[in-house]
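Below: one structure, written as C-alpha cells.
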Amino acid sequence: MSRLTPDADDARFIRRVVILIVILAVTVALYRAGDLLILAFGSVLGAIVIRAAAEQYDRLPHVGKRMGLLLGILTVLVVLGFLGWLFGVHFAGQVNALVEQTPILAFQFDHWLSQSPLGAQLSDALKAGYAGSRLAQGTGGLLRGGGEFLLNAILMLFGSLFFAADPALYRRGLLLLVPPTQRPAFADALEDVGETLKLWLRAELILMTTMGVLIGLGLWIAGVPSAGALGLLAGLSEFIPYVGPTLAMLPALGFAATVGQGPLIGALATYAVVRIIQTNFITPYVQARVISIPPAVTLFSIIGIGVVFGLFGLFFSAALLVVILTLIRSLYVRETLGETVESPR
C-alpha cells in the first residue's frame, strides 16, 4: 500500500513549493554574495573594453587575433598606468590638497548649516541618514581598508583578462543553464547586452573626456585651486550619472569658496554651462545608438542599486541598469510580447 503517496495535484503543489524555496534560497545567496557579483560584473566590463580595443587592432594588416588581444591588453594597462601617473605624480600635490581640505570643507559646511534652526535639523538628518546607510558603511570600509580596495582592483583586472581571453567559453557555459528550446532567444539577448554595453562604454568614455576637459578649463579660468585634479575627478565621476557629477562638484565649490566670491561664482557658472552643453548637445549625439533611459528612472535606479550593493554597486550601477533594461527589451518585449525591437548590432 502507498497511502502516503501524494496524488497528482499534491505532487504538483509540492514541486512548486520546492521551486519557490530554491528560488528564494538562490536570491538570498546572491544578495549575500553581492560584492563578489559586483566584482565579477566589473571584470566583464573590463573584458568588453579589452575586446573592443583588440577588435581595432584586428583590422590592421598582419595582426592576428592573438596579437590583437595582446595589444588590447597592453593598451588598457597603459591607460590605467597613465591615470595612475596623473593621480600619483602629475596631480599628486593637487590630489593631496583635495584630500586634506575635503574634511575641513565638510566641517565648515556643517558649521554654516548649524547657524540656523532649520539648517541644524537638516545637518542632523544628513548625519543620521549617512551613518545608517549601507553606502556610508561601504565608504567607511573603503577608507579604512585601502588594501581591500587594491585587492578588489587586482581581482577585477585578472578577471577581465580571463574573460577577455575566451569569452565564448563563459557564454557557452551560461547558455547550458537554459533549456535547449530557449537557448536561441537567450543567445540573442546576450549578444544584445554585449553590443549595448560596448556602445555604452564608448559613449561614456567620450562623455568623461569632454566633462573632465571642460570642467578643468573652466575652473582654471575661474581661478579655482587644483583645477586639473578637480577636472579629472569630474570626468571620472561622469561614470555615475547625476550622482557622481553632483558629488564631484562639492569639493570644487569648497575650494573656490576658500579663494573668494569671484572663483565661487565662476565655479558655479562652469558646472552650470558644462552641464547644459553636455546634456543638450554632447550626450544625445554620442548616445544616439545606446538604449534610451529616462532621467528619473536612471537617478532612482542608481540610488537603489547603491543602497543594495554598497559603494562598488554604486560605481557600476549605470552599467547594471543598461544590462537590466537591455534584457527586458530583448527577452520580454521582443521574445515574449513579440514587439519589434531594433538590435544594437
* Structure fact -> Under the Karplus relation with 6.51, -1.76 and 1.60 and θ = phi - 60°, whole-Hz ³J(HN,Hα) for region 61-73, x at Gly and Pro, equal x, 6, 10, x, 5, 5, 5, x, 5, 4, 5, x, 5
* Structure fact -> Here FRET efficiency (C-beta to C-beta, ASP166 to THR27, R₀ 45 Å, nearest 0.05) is 0.95
* Structure fact -> Descending accessible area (1.4 Å probe), largest on the left, turns PHE309, PHE107 into PHE107, PHE309
* Per-pair calculated FRET efficiency, R0 = 30 Å: LEU331 and ASP9 via Cβ, rounded to 0.05 -> 0.45
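Let me check I've understood the local charge: for LYS65, count other residues with C-beta under 12 angstrom from its C-beta, Lys and Arg +1, Asp and Glu -1. What total comes out? Before the final figure, lay out each step's value.
Working: positive: ARG51, ARG59, ARG66; negative: GLU55, ASP58, ASP166.
Surrounding charge for LYS65 is 0.
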* Filtered trypsin sites (Lys or Arg not before Pro), region 1-71: DSSP coil and at most 13 other beta carbons within 10 Å -> ARG3, ARG59
* Asked: For region 80-85, what does the Karplus curve 6.51 cos²θ - 1.76 cosθ + 1.60, with θ = phi - 60°, yield as ³J(HN,Hα) per residue in whole Hz, taken in order and with x for Gly and Pro?
  -> 4, x, 5, 5, x, 5
* Could you order THR298, THR27 so the one with the most accessible surface comes first? Probe is 1.4 Å. => THR27, THR298
* Structure fact -> From most to least accessible, 1.4 Å probe, no ligand or DNA/RNA atoms counted, TRP220, TRP200, TRP85 line up as TRP220, TRP85, TRP200
* Structure fact -> Checked region 42-86 with the C-alpha gyration tensor, a ≥ b ≥ c its square-rooted eigenvalues, rounded below a/c of 1.5, otherwise prolate if a/b is larger than b/c and oblate if not; verdict oblate
* Asked: If one computes the Cα centroid of region 281-345 and of region 244-280, what distance in Å separates the two points?
  -> 28
* Set the Förster distance to 30 Å, then compute FRET efficiency between LEU174 and THR279 from the Cβ-Cβ distance, nearest 0.05. => 0.25
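Working out 0.36 nm times the residue gap between ARG66 and ILE221, then minus their Cα-Cα distance, what length gain in nm do you get to one decimal?
Length gained, ARG66 through ILE221: 51.2 nm.
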* To do: Starting from the Cα-Cα distance between TYR242 and LEU299, subtract it from 0.36 nm times their residue separation and give me the gain in nm to one decimal.
  => 19.9 nm
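The values are calculated or read from the model by the stated rules, or taken from the named source; none is laboratory data. Since we're looking at a predicted model, the values are computed, not measured. All Cβ positions, even for glycine, are placed from backbone atoms using ideal geometry, and neighbour counts span all protein chains on display. These accessible areas exclude ligands, DNA and RNA; they are computed on the full protein's heavy atoms, side chains included. Shrake-Rupley method; radii C 1.70, N 1.55, O 1.52, S 1.80 Å.
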